[in-house]
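The values are calculated or read from the model by the stated rules, or taken from the named source; none is laboratory data. The structure displayed is predicted, hence computed values, not measured ones. Quick reminder, even Gly has a Cβ in these numbers, built from the backbone with ideal geometry, and neighbours come from all protein chains shown.
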Amino acid sequence: MSSKEIQITNKEGAETIAIGASAYSILLNSQRSEGQLAIIEMLVPPNGGPIPHEHKGFQECFYVLEGEVEMITKESRIPAKQGDLVHIPLDGPVHCFKNTTSVNARLLCIVAPAGLDQFFEEAGRKIPPGTLPEPVPPTPEQIAFANQTAEKYGQKLYPKDYLD
């Protein structure tokens, strides 16, 4: 398919990746956008969310489709609820988010340029669309691999309690 053609991705046809306890459905990947952006739908269970991280060289937006998450940096903890847009600027601060509610949160994540999708594909594992993975604590080997893979794609991961 030429990159100049209009592309439509059905959510059920999107590759879904498990990272931690969350599911990431890659709606637009690096390859299809010529590296310009990636669009990922995130399904985050109660108490779920990524560990603290930063990414130099790309910016990220989250649009909260359902539920609520708390955006966390060293300086602040800000709730983002359905209909809110969170923008993490280029070379932004160390951050993470957590679903602080008792229901799943669904976010639409846009990153530019792309690359986060490749990190998910390499560091995670495929799961069926619309499902959440079983929460299993990572092994030391998995943590080391995730850190190396994150660096490869312009990110740095921090310990879970880094922003506490």
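In region 12-68, what residues are in contact with a Pro (Cβ under 8 Å, 6 or more places away or on another chain), at pLDDT below 95 and charged (D, E, K, R)?
Glu12
When region 79-98 is examined, which residues are found to be farther than 13 Å from Val64 by Cα and not acidic (Asp, Glu)?
Listed by number, the residues that qualify are Ile88, Pro89, Leu90, Gly92, Pro93, Val94, His95, Cys96.
Of everything in region 33-55 that's of a type in the set (A, V, I, L, M) and within 28 Å of Ile8 (Cα to Cα), which residue is surrounded by the most Cβ atoms within 10 Å (Cβ to Cβ)?
Out of the qualifying residues, it is Ala38.
Those residues that are among the aliphatic types (A, V, I, L, M) and within 9 Å of Asp117 (Cα to Cα), I need them from region 4-36; list them, please.
Passing the criteria: Ile26, Leu28.
What pairs can you find where one residue is in region 102-129 and free of Cβ contacts under 8 Å to residues at least 40 places away in the same chain, the other is of a type in the set (Ser, Thr, Tyr), and their Cβ atoms are less than 7 Å apart, with a gap of 6+ or different chains?
Sorted first by the residue in region 102-129, then by its partner, the pairs are Phe119/Thr149; Phe119/Tyr153; Glu122/Thr149.
How many residues are among the hydroxyl-bearing types (Ser, Thr, Tyr) and either free of Cβ contacts under 8 Å to residues at least 40 places away in the same chain or farther than 22 Å from Lys160 by Cα (or both) if we restrict to region 51-90?
Of the residues in region 51-90, 2 are among the hydroxyl-bearing types (Ser, Thr, Tyr) and either free of Cβ contacts under 8 Å to residues at least 40 places away in the same chain or farther than 22 Å from Lys160 by Cα (or both).
In region 112-164, how many are among the basic types (Lys, Arg) and either in contact with a Gly (Cβ under 7 Å, 6 or more places away or on another chain) or on the phi > 0 side of the Ramachandran plot (or both)? Before you say what the answer is, go through the steps one by one.
From region 112-164, those among the basic types (Lys, Arg) are 125-126, 152, 156, 160; that's our starting set.
Still in the running and either in contact with a Gly (Cβ under 7 Å, 6 or more places away or on another chain) or on the phi > 0 side of the Ramachandran plot (or both): none.
Here the count works out to 0.
Mind listing whichever residues of region 12-66 are in contact with a helix residue (DSSP H, G or I) (Cβ under 8 Å, 6 or more places away or on another chain), among the hydroxyl-bearing types (Ser, Thr, Tyr) and not in a strand (DSSP E or B)?
Ser30
Kindly check whether there is at least one residue in region 10-20 that is surrounded by 14 or more Cβ atoms within 10 Å (Cβ to Cβ), of a type in the set (Asp, Glu), in contact (Cβ under 8 Å) with a residue 24 or more places away in the chain and within 26 Å of Val94 (Cβ to Cβ). Break it down into steps so the answer makes sense when it comes.
To start, the set of residues in region 10-20 that are surrounded by 14 or more Cβ atoms within 10 Å (Cβ to Cβ) comprises 14-20.
Okay, now just the ones that are also of a type in the set (Asp, Glu), so 15.
Of the ones still in play, those that are also in contact (Cβ under 8 Å) with a residue 24 or more places away in the chain are 15.
Next cut, within 26 Å of Val94 (Cβ to Cβ) only: none.
The answer is no; no qualifying residue exists.
So which residues in region 1-38 are among the β-branched types (Val, Ile, Thr) and more than 25 Å from Gln148 (Cβ to Cβ)?
If the condition is that a residue be among the β-branched types (Val, Ile, Thr) and more than 25 Å from Gln148 (Cβ to Cβ), then Ile6, Ile8, Thr9 are the ones that fit.
Given (1) more than 23 Å from Ala150 (Cβ to Cβ); (2) modelled with pLDDT of 95 or more, where does Ile88 come up short, assuming only one miss?
Against the list (1) more than 23 Å from Ala150 (Cβ to Cβ); (2) modelled with pLDDT of 95 or more, Ile88 comes up short only on (1).
Per-residue answers, yes or no, for (1) of a type outside the set (Gly, Ala, Ser); (2) farther than 13 Å from Leu37 by Cα; (3) touching a Leu at 6+ places or on another chain (Cβ under 9 Å):
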residue: Asn104; (1), (2), (3): yes, yes, yes
residue: Leu107; (1), (2), (3): yes, yes, yes
residue: Ala114; (1), (2), (3): no, no, yes
residue: Phe119; (1), (2), (3): yes, yes, no
residue: Lys126; (1), (2), (3): yes, yes, no
residue: Gly130; (1), (2), (3): no, yes, yes
residue: Pro133; (1), (2), (3): yes, yes, no
residue: Pro137; (1), (2), (3): yes, yes, no
residue: Pro140; (1), (2), (3): yes, yes, no
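Output the residues belonging to region 91-119 that are at pLDDT below 95 and hydroxyl-bearing (Ser, Thr, Tyr).
Passing the criteria: only Thr100.
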